[in-house]
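Report on the structure given below.
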Amino acid sequence: MAAALDSMRLDSMRYLLGRAMLVEDRVQTLVAHRRSHDPAPDDPFRGLYLSDEAVDAMLSHHPPAPAPSMGLRSALEERADSAEAAGTRLRLRDLARSANLSDHDVEFLVICLLPDVDARFERLYGYLNDDVTRRRATTGLALELAGLSPLDPAARRRLAPGAPLVDNSLILIDDLDRPFLTRAIRIPDRVAGYLLGDDTPDAALTEVLIEPVGLHCDQSRTIAAAIKAGERLCYVRETVGGSGAAVAVDALTVAGQRVMCCDAVRLAMHGDVSEAVTLLGREALLNSAGLVVSPVEAFAPNQNAVVYRLAQLPVPVVLTGTATWDPRWSDRVPLLAETVRPTVAERTELWQRELGSMADVVDVGDVAAQYAFGPRQIAAAITAAESLARAAHSTPTAGDLRRGARSQNAAGLEQLARRIEPAVSWHDLVLPDKALTQLRELTVRARNREVVLSDWRMRPGGGRGTGVTALFAGDSGTGKTMAAEVIAGELGLDLYTVNLATVVDKYIGETEKNLERIFTEASRVSAVLLFDEADAIFGKRSEVRDAHDRYANIESAYLLQRMETFDGLAVLATNLRANLDDAFTRRLDLVVDFPLPDEAARLALWRGCLAPPVPTLADLDVADYAKAYALSGGNIRSAAITAAYLAAETESAVGDRHVRAAAAREYRKLGRLLPANGAPLRRST
């Protein structure tokens, strides 16, 4: 294979040198023609000043230089035709086809290349320009060497903006303040390198080009058929987990195109995005490749201008994004496609393919159900898991894989909610059997929601999402937040607690905007979303008496609609269930009541809070506290922590006096009286 590539590269170089030799013959002819009319051919300062003789020579009429011979050119092109018929790739010809270059364009390209590959042509061009300081071809010299008249407007347009050589940065025209015929032309180093056999991308694109990763599916086959039929612009609207970029990569591959994949987020951070887009188009031309750019939202607030430039590139371009295509983005009408969320079976196949031998140590189906990842995210999650295993000097485990998967979640939600990495399990929950059964049912629903709601289509039409929503109702401290954390841990997900301070806004419409940001970011993150004190924003609609009531009802109506389109797992926690609107209750998949703990539950809570490594005295009997103090789980935990601080202050183990003092403080916080015998009494009203 290497020998074949070397032979192909040699054939491409031979063709390029053959074209260069034709230009050299033309240069020799033109030099001889100039000498025959040069008034002072032996003047050592020629080109540095104008003598009277030189002025007279310029004012006199000279016949044009002889036209270039076409015999050698025909023989060279015939050999090139034979080489390509045998499967040889000739870079100069490939570029001419990709960039739609004319024969004269190719001639201009070779003329501009010569000083970069043979230093003799610097001086020769200086002589022909009659200026030793101008050692590159000028537009006038290029036209003359190509046998074209400087009075031909069509020929002049080939070296002006709007022509493929100029618009695609295959040549660069300098000195734009000079007259047209004396403007210098140069070839970019990247183009020269490509023609000489170098495939290293432009250094300016190093950070924005990423390795293409494809996802074969029905959508990619449809797009591929359109590209084969000549479609040059496609827009793939990407749903969450739809892997639009991977679908686009596969479509171009199936269509027989090389693929260049660009990270739009990095491209948007480029100092000059417009220049970077031009370089992208040029690189795609040099590689005869199609271009995938994702996601287009990264270009905001200049999205319209950047997308317009991308759409004008002379290569197949597939753009992806979550927004609907805006006709103002381009005069060209694209092929519009929309990715669908991969099924659990498709994601399982992806995970198994990427995991390899690791698939034997994890429940691939469960991981695929919880993380709606595309190929690139899956590969990154596995790499992160392997890094965690190396740090622990072990082989990757299921826990490492889940931690690696969580590390690939979007970070945008952390600006709107507090992230909690689960650190508790079912063993830490102290609840009645009915509540525990409901919580396990919620876990089952969350784990299988996509199979039931998407694959089995149990929630069709109406734009409904595949989310699961539950209400946790109960007094403060009864374990609602801990239960959400346990479920998140069971599913291998993070828990995000929505901060109401970032949501509620006094200005009309701002609360809805903040909630939309939360739901949008949450849909991109595989996590459990917890709305604590949910009645504050999911309250009942009221009779409209003034403008405040009307806008409050609009807020509630928006939430009703948005909850139905949510694709994740959302938990609403409230101390005041009666305050929730009935319409919200109808949309809930499960309602779990969290009662105050009875004596047996309080005993379990006290034992759990004062278990080792907490040091306790041997005579400490927590059964007495469970019977004497009617506290919730949160209050018991708070009392146990206070007792531990009291014991630490005296450098002793936790004893009865510490617990009773802590319980007394807890009762005072609650506004309740503690009688002398230890039995609690409520303050009379």
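Yes/no matrix, rows are residues, columns are (1) in a loop (DSSP other than H, G, I, E, B); (2) within 16 Å of ALA305 (Cα to Cα); (3) modelled with pLDDT of 80 or more:
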{"position": "VAL318", "(1), (2), (3)": "no, no, yes"}
{"position": "ARG328", "(1), (2), (3)": "no, yes, yes"}
{"position": "VAL340", "(1), (2), (3)": "yes, no, no"}
{"position": "GLN352", "(1), (2), (3)": "no, no, yes"}
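List every residue pair whose Cβ atoms lie under 8 Å apart, where the two residues are 6 or more positions apart in sequence or sit on different chains, the first residue falls within the range 154-171 and is surrounded by 18 or more Cβ atoms within 10 Å (Cβ to Cβ), and the second residue, located anywhere, is part of a loop (DSSP other than H, G, I, E, B) and among the charged types (D, E, K, R).
Once the first residue is surrounded by 18 or more Cβ atoms within 10 Å (Cβ to Cβ) and sits in the range 154-171, its partners that are part of a loop (DSSP other than H, G, I, E, B) and among the charged types (D, E, K, R) give LEU165/ARG158.
Residues are listed down the side, and each one gets a yes or a no for (1) of a type outside the set (A, V, I, L, M, F, W, C); (2) closer than 30 Å to ALA268 by Cβ; (3) in contact (Cβ under 8 Å) with a residue 24 or more places away in the chain:
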position: ARG123; (1), (2), (3): yes, no, no
position: THR138; (1), (2), (3): yes, no, yes
position: PHE180; (1), (2), (3): no, no, yes
position: TYR194; (1), (2), (3): yes, yes, yes
position: THR206; (1), (2), (3): yes, yes, no
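Just give me the residues in the range 295-321 being open to solvent by 10 Å² or more (accessible area, probe 1.4 Å) and in contact with an Asp or Glu (Cβ under 9 Å, 6 or more places away or on another chain), in sequence order.
Within the range 295-321, PRO295, ALA298, GLN303, ASN304, TYR308, GLN312, PRO314, PRO316 meet the criteria.
Checking the conditions here, which among THR437, THR383 is of a type outside the set (Lys, Arg), modelled with pLDDT of 85 or more and out of contact with any helix residue (DSSP H, G or I) (no Cβ under 8 Å at 6 or more places or on another chain)? Explain how you work it out, then say what you get.
Values: THR383 fails: out of contact with any helix residue (DSSP H, G or I) (no Cβ under 8 Å at 6 or more places or on another chain).
Being of a type outside the set (Lys, Arg), modelled with pLDDT of 85 or more and out of contact with any helix residue (DSSP H, G or I) (no Cβ under 8 Å at 6 or more places or on another chain) holds for just one of THR437, THR383, which is THR437.
Scan the range 371-390 and give yes if some residue there is open to solvent by 40 Å² or more (accessible area, probe 1.4 Å), within 22 Å of the chain's Cα centre (by Cα) and of a type in the set (D, E, K, R), otherwise no.
Yes - at least one qualifying residue is present in the range 371-390.
Check HIS62 against each of (1) modelled with pLDDT under 75; (2) within 42 Å of the chain's Cα centre (by Cα); (3) closer than 27 Å to LEU159 by Cα and name the one condition it does not meet.
(2)
Check off (1) within 30 Å of ARG445 (Cα to Cα); (2) open to solvent by 60 Å² or more (accessible area, probe 1.4 Å) for PRO612 and give me the number that stays unchecked.
Single failed check for PRO612: (1).
Any idea which residue in the range 268-294 is modelled with the lowest pLDDT, counting only those that are within 26 Å of ARG524 (Cα to Cα) and surrounded by fewer than 18 Cβ atoms within 10 Å (Cβ to Cβ)?
Filtering first and then ranking leaves HIS270.
For residues that are in contact with a helix residue (DSSP H, G or I) (Cβ under 7 Å, 6 or more places away or on another chain) and surrounded by fewer than 22 Cβ atoms within 10 Å (Cβ to Cβ), scanning just the range 636-647, find the one that is nearest to LYS480 (Cα to Cα). Working first, answer last.
Going residue by residue through the range 636-647, those that are in contact with a helix residue (DSSP H, G or I) (Cβ under 7 Å, 6 or more places away or on another chain) are 636-640, 642-643, 646-647.
Keeping just the survivors that are surrounded by fewer than 22 Cβ atoms within 10 Å (Cβ to Cβ) gives 637-638, 642, 646-647.
Values: ARG637: 14, SER638: 16, THR642: 22, LEU646: 28, ALA647: 29 Å.
Restricting to residues being in contact with a helix residue (DSSP H, G or I) (Cβ under 7 Å, 6 or more places away or on another chain) and surrounded by fewer than 22 Cβ atoms within 10 Å (Cβ to Cβ), the top hit is ARG637.
Can you tell me which condition PRO396 does not meet? The list is (1) out of contact with any strand residue (DSSP E or B) (no Cβ under 9 Å at 6 or more places or on another chain); (2) open to solvent by less than 40 Å² (accessible area, probe 1.4 Å); (3) part of a helix (DSSP H, G or I); (4) not acidic (Asp, Glu), and all the others hold.
It fails just one condition, (3).
Taking the stated definitions as given, is THR324 among the polar types (S, T, N, Q), in contact (Cβ under 8 Å) with a residue 60 or more places away in the chain, at negative phi and surrounded by fewer than 14 Cβ atoms within 10 Å (Cβ to Cβ)?
Yes, satisfied.
Of all residues in the range 404-415, which are surrounded by 19 or more Cβ atoms within 10 Å (Cβ to Cβ) and in contact (Cβ under 8 Å) with a residue 40 or more places away in the chain?
Selection gives ALA405, ARG406, ASN409, LEU413.
Is it true that some residue in the range 89-96 is in a loop (DSSP other than H, G, I, E, B), open to solvent by 30 Å² or more (accessible area, probe 1.4 Å), over 30 Å from PRO316 (Cα atoms) and basic (Lys, Arg)?
no
Residues checked against (1) aliphatic (A, V, I, L, M); (2) out of contact with any Leu (no Cβ under 8 Å at 6 or more places or on another chain):
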{"site": "GLY281", "(1), (2)": "no, no"}
{"site": "ASN287", "(1), (2)": "no, yes"}
{"site": "GLU297", "(1), (2)": "no, yes"}
{"site": "GLN303", "(1), (2)": "no, yes"}
{"site": "LEU310", "(1), (2)": "yes, no"}
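Pull out all pairs, ordered by first then second residue, where Cβ-Cβ is under 8 Å, the residues are six or more apart or on different chains, the first lies in the range 343-358 and is in contact (Cβ under 8 Å) with a residue 40 or more places away in the chain, and the second is of a type outside the set (Phe, Trp, Tyr) and surrounded by fewer than 18 Cβ atoms within 10 Å (Cβ to Cβ).
Hits for this filter: THR343/ASP455; VAL344/GLY365; VAL344/VAL451; VAL344/ASP455; ALA345/ASP455.
Kindly indicate the residue of the range 225-262 that is touching a Leu at 6+ places or on another chain (Cβ under 6 Å) and of a type in the set (A, V, I, L, M) and also surrounded by the most Cβ atoms within 10 Å (Cβ to Cβ) among those meeting that condition.
Filtering first and then ranking leaves VAL247.
Let me confirm something: among LEU631, LEU596, which residue is open to solvent by less than 20 Å² (accessible area, probe 1.4 Å) and closer than 19 Å to GLY479 by Cα?
After ruling out the rest, the residue left standing is LEU631.
Scan the range 255-277 and tell me whether some residue there is at positive phi and outside any strand (DSSP E or B). Step through it out loud before you land on a result.
The initial filter retains those residues of the range 255-277 that are at positive phi, namely 256.
Pick out the ones that are also outside any strand (DSSP E or B) and you get 256.
Yes: the range 255-277 contains one or more residues that are at positive phi and outside any strand (DSSP E or B).
Going by the structure shown, is ARG562 open to solvent by 30 Å² or more (accessible area, probe 1.4 Å) and at pLDDT below 70?
When the stated conditions are applied, ARG562 does not pass them.
Return the residues of the range 429-454 that are open to solvent by less than 70 Å² (accessible area, probe 1.4 Å) and not aliphatic (A, V, I, L, M); say none if nothing qualifies.
Answer for the range 429-454, where residues must be open to solvent by less than 70 Å² (accessible area, probe 1.4 Å) and not aliphatic (A, V, I, L, M): PRO432, GLN438, THR443, ARG447, ASN448, ARG449, GLU450, SER454.
Quick one: is ASP175 open to solvent by 70 Å² or more (accessible area, probe 1.4 Å) and closer than 26 Å to VAL106 by Cα?
The answer is no for ASP175.
Which one of these is out of contact with any His (no Cβ under 8 Å at 6 or more places or on another chain) and closer than 29 Å to LEU572 by Cβ: LEU431, LEU388, LEU401?
Details: LEU388 fails: closer than 29 Å to LEU572 by Cβ; LEU401 fails: closer than 29 Å to LEU572 by Cβ.
LEU431 is the lone residue from the list that is out of contact with any His (no Cβ under 8 Å at 6 or more places or on another chain) and closer than 29 Å to LEU572 by Cβ.
Given the criterion open to solvent by 50 Å² or more (accessible area, probe 1.4 Å), over 15 Å from THR478 (Cα atoms), modelled with pLDDT under 90 and more than 45 Å from the chain's Cα centre (by Cα), identify the matching residue among THR650, THR585.
THR650
The values are calculated or read from the model by the stated rules, or taken from the named source; none is laboratory data. Small disclaimer: the values here were computed from a predicted structure and weren't measured. In this analysis, Cβ positions are derived from the backbone assuming ideal geometry, glycine residues included, and neighbour counts consider all displayed protein chains. Only protein heavy atoms, including side chains, enter the accessible area calculation; ligands, DNA and RNA are left aside. Shrake-Rupley method; radii C 1.70, N 1.55, O 1.52, S 1.80 Å.
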